[in-house]
Amino acid sequence: MRGPAAQPRWQEDVLGRRFESLELGLCPDDEGPVVATLVRSAAPGRAAAGPGRAPSLTATAAPPNVVLYLHGWADYFLQTELAERLVAGGFHFYALDLRKFGRSLRDWQTPGYAADLAVYDEDLAAALAAVTADVAARTGHSGAPTVHLLAHSLGGLVAALWADRNPGALGTLILNAPWLELQGSSLIRNIAMQLVEPLARADPQRPLLLPGMPGYWDSVSGTAHGEWDLDPRWRPRASFPIRPGWTKAVLAGHAAVQRRLDISAPMLVMLSGRTRIQAEWSEALMEVDAVIDVEETARRALGLGRRAAVYRYPGAIHDVFLSRRGVRGEAYDDLLLWLDPYRTQAGPAGAAASTAPP
């Protein structure tokens, strides 16, 4: 007679001893077993009063503050420097590799494929449950932590739609170059939807024959012109194949953003100063967004909810936190300063309180 299945345990992550990962079992789909993967900083964030004030090392009644990072398309968590800055700022840091991406991608799966972006609700629910349990074990705080969701590109679209469906779930939402609209305009998106709809019905997973756009990858990878070590399985130079069913799901998300969302959490949207879309690398791509239309994104961001701030970074690439050192350093500082009023802290009598403006 078999005993109960062993519970998954935290393991040393591929990023080394400073990070650990935990496999989260999800419901199987038509391709078989499915998992998401939660990554945590091995050094938990200490309670902190924020920039310019000394951190408190004593336990408080306030919920701990957690940053949960969500990656973009054909991507995975690798932003170790960002994690270390947030941990030093007093936050517990976690990142989630969604199903069929990065650490969660299995050989039998179609990389990155989803026919509906709402499928990631299960991934986020599993991650938040695991984060709550882990923070409780680390801090002794039995309540739910205050979660600040930090999401990039496609992850930004997923996070915005999720936050709209789950009011009150987040302390704040930070969107790093979120993919809120198809490159160009809603007119181009409407035309694209008409073209992709019959293909999505007939053969949703058949790869579309589209030109490669490796220029941005070359700006990031340390093997080309960037600074970062990229796993070629999880972030290939040619990206993942684009498929009609996935494209339809993304365009539907863009349409929902155009109709305006009603996200209750305060939002920070971080964008490059300029866009330049081109296939092959050039020196100009080291200081522009080569993936999304930042002007259209800035306009869409103001329709996500009533408390949205847009910060622009001249010289930033698509992932602001993978930009050149001076640009990303400014972005780290801005992020910590912006988060400070929204972190939960202990009140004068030790009760949980927030310094967020009313």
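The values are calculated or read from the model by the stated rules, or taken from the named source; none is laboratory data. Just so it is clear, the model here is predicted, and its values are computed rather than measured. Neighbour counts are summed over all protein chains in view; Cβ atoms, including those assigned to glycine, are modelled from backbone coordinates with ideal geometry.
Tell me, yes or no, whether the range 278-298 has at least one residue that is under 18 Å from L335 (Cα atoms), touching a helix residue (DSSP H, G or I) at 6+ places or on another chain (Cβ under 9 Å) and surrounded by fewer than 19 Cβ atoms within 10 Å (Cβ to Cβ).
no
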Being more than 19 Å from the chain's Cα centre (by Cα), surrounded by fewer than 19 Cβ atoms within 10 Å (Cβ to Cβ) and at positive phi narrows it down to one residue among G315, G303; which is it? G315
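Could you list, in sequence order, the residues of the range 318-330 that are part of a helix (DSSP H, G or I), small (G, A, S) and crowded, with 20+ Cβ neighbours inside 10 Å?
Kept after step one, since they are part of a helix (DSSP H, G or I), are these residues of the range 318-330: 320-322, 325-330.
The next check asks that each one be small (G, A, S); those that pass are 326, 329.
Across the range 318-330, there are no qualifying residues.
For L170, are the conditions met, namely being aliphatic (A, V, I, L, M) and surrounded by fewer than 17 Cβ atoms within 10 Å (Cβ to Cβ)? Steps first, please.
Numbers: aliphatic (A, V, I, L, M): yes; surrounded by fewer than 17 Cβ atoms within 10 Å (Cβ to Cβ): no.
No, not satisfied.
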Kindly state which helices (runs of 4 or more DSSP H) lie completely within the range 100-212 and contain at least 2 residues that are touching a strand residue (DSSP E or B) at 6+ places or on another chain (Cβ under 7 Å). 120-139, 154-165
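Okay, residues lined up against (1) of a type in the set (F, W, Y); (2) at positive phi; (3) over 21 Å from the mean Cα position of the chain (by Cα); (4) buried (at least 23 other Cβ atoms within 10 Å of the Cβ):
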{"position": "A114", "(1), (2), (3), (4)": "no, no, no, no"}
{"position": "H148", "(1), (2), (3), (4)": "no, no, no, yes"}
{"position": "H152", "(1), (2), (3), (4)": "no, no, no, yes"}
{"position": "N176", "(1), (2), (3), (4)": "no, no, no, yes"}
{"position": "P198", "(1), (2), (3), (4)": "no, no, yes, no"}
{"position": "R201", "(1), (2), (3), (4)": "no, no, yes, no"}
Selection within the range 245-288 - of a type in the set (A, V, I, L, M, F, W, C), under 30 Å from V147 (Cβ atoms) and out of contact with any strand residue (DSSP E or B) (no Cβ under 9 Å at 6 or more places or on another chain): W246, A249, V250, L251, A252, A255, A256, V257, L261
Test D75 against the stated conditions and say whether it is modelled with pLDDT of 95 or more, out of contact with any Asp or Glu (no Cβ under 9 Å at 6 or more places or on another chain) and either surrounded by 21 or more Cβ atoms within 10 Å (Cβ to Cβ) or not hydroxyl-bearing (S, T, Y) (or both). no
Checklist (1) surrounded by fewer than 21 Cβ atoms within 10 Å (Cβ to Cβ); (2) in contact with a Gly (Cβ under 7 Å, 6 or more places away or on another chain) applied to R237, failing item: (2)
